[in-house]
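Enquirer: One structure, as structure tokens, below. Some questions next.
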Amino acid sequence: MTDEQVAYRFTVSGRVQGVFFRASTAREADRLGVRGHAVNLPDGRVEVLAVGEAAAVDELRRWLQRGPPQARVAQVECRNETVEEFAALSGFTTG
């Protein structure tokens, strides 16, 4: 039996650009079976859309709070999204 599907949009601030944050996030999301994306924002933050089983998305959220070794995460904001809006989404991309 699969877990409940959830969708969240995270905004990660701190030293998160230029430190392999997006690539590392994609690797972690793939490992967890989470779909979505990680993109740089013009203000220096990174947006992460995460769609998948609740337990896997929660594990990704915990990982985002520390990020890869070179990152210095200051804050992770979280906004609930509608799962149905991303039903056709497959894989995890960076941009």
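The values are calculated or read from the model by the stated rules, or taken from the named source; none is laboratory data. Please read all numbers here as calculations on a predicted model, not as lab measurements. FYI the Cβ positions are ideal-geometry reconstructions off the backbone, even for glycines, and counts take in every protein chain you see. Just the protein is used for accessible areas: all its heavy atoms, side chains included, with ligands, DNA and RNA removed. Shrake-Rupley method; radii C 1.70, N 1.55, O 1.52, S 1.80 Å.
Enquirer: Checking the conditions here, which among Gly52, Gly67, Gly44, Gly18 is crowded, with 20+ Cβ neighbours inside 10 Å, assigned to a loop (DSSP other than H, G, I, E, B) and free of Cβ contacts under 8 Å to residues at least 60 places away in the same chain?
Expert: After ruling out the rest, the residue left standing is Gly67.
Enquirer: Collect the residues in the range 70-83 that are closer than 18 Å to Glu4 by Cα, open to solvent by 40 Å² or more (accessible area, probe 1.4 Å) and assigned to a loop (DSSP other than H, G, I, E, B), keeping them in residue-number order.
Expert: Scanning the range 70-83 gives a single hit, Thr82.
Enquirer: Starting from residues that are in contact with a strand residue (DSSP E or B) (Cβ under 9 Å, 6 or more places away or on another chain) and in a helix (DSSP H, G or I), keep the ones in the range 29-41 and report whichever is farthest from Val57 (Cα to Cα).
Expert: Taking the candidates together, the pick is Asp30.
Enquirer: Kindly provide the set of residues from the range 21-32 that are in contact with a Leu (Cβ under 8 Å, 6 or more places away or on another chain), open to solvent by less than 20 Å² (accessible area, probe 1.4 Å) and hydrophobic (A, V, I, L, M, F, W, C), ordered by number.
Expert: Within the range 21-32, the first condition is being in contact with a Leu (Cβ under 8 Å, 6 or more places away or on another chain), and the residues that meet it are 25, 28-29, 32.
Applying the additional criterion that residues be open to solvent by less than 20 Å² (accessible area, probe 1.4 Å) yields 25, 29.
Result: Ala29, single match.
Enquirer: Something else about it: Does Val6 satisfy being over 20 Å from Gly95 (Cβ atoms), in a strand (DSSP E or B) and either modelled with pLDDT of 95 or more or in contact with a Cys (Cβ under 8 Å, 6 or more places away or on another chain) (or both)?
Expert: yes
Enquirer: So which residues in the range 84-95 are farther than 15 Å from Val16 by Cβ and either open to solvent by 40 Å² or more (accessible area, probe 1.4 Å) or touching an Asp or Glu at 6+ places or on another chain (Cβ under 9 Å) (or both)?
Expert: Matches in the range 84-95: Glu84, Glu85, Ala87, Ala88, Leu89, Ser90, Gly91, Phe92, Thr93.
Enquirer: Taking Val57, is it closer than 26 Å to Glu4 by Cβ, assigned to a strand (DSSP E or B), in contact with a strand residue (DSSP E or B) (Cβ under 6 Å, 6 or more places away or on another chain) and not basic (Lys, Arg)?
Expert: Values: closer than 26 Å to Glu4 by Cβ: yes; assigned to a strand (DSSP E or B): no; in contact with a strand residue (DSSP E or B) (Cβ under 6 Å, 6 or more places away or on another chain): yes; not basic (Lys, Arg): yes.
Spelling it out, it is not the case that Val57 is closer than 26 Å to Glu4 by Cβ, assigned to a strand (DSSP E or B), in contact with a strand residue (DSSP E or B) (Cβ under 6 Å, 6 or more places away or on another chain) and not basic (Lys, Arg).
Enquirer: Give the residues of the range 1-15 that are surrounded by 13 or more Cβ atoms within 10 Å (Cβ to Cβ), more than 15 Å from Glu81 (Cα to Cα) and either among the charged types (D, E, K, R) or without any contact (Cβ under 8 Å) to a residue 24 or more places away in the chain (or both), sorted by residue number.
Expert: So in the range 1-15, the residues surrounded by 13 or more Cβ atoms within 10 Å (Cβ to Cβ) come out as 5-15.
Okay, now just the ones that are also more than 15 Å from Glu81 (Cα to Cα), so 12-15.
Once the filter is applied, which keeps residues that are surrounded by 13 or more Cβ atoms within 10 Å (Cβ to Cβ), more than 15 Å from Glu81 (Cα to Cα) and either among the charged types (D, E, K, R) or without any contact (Cβ under 8 Å) to a residue 24 or more places away in the chain (or both), the range 1-15 yields only Arg15.
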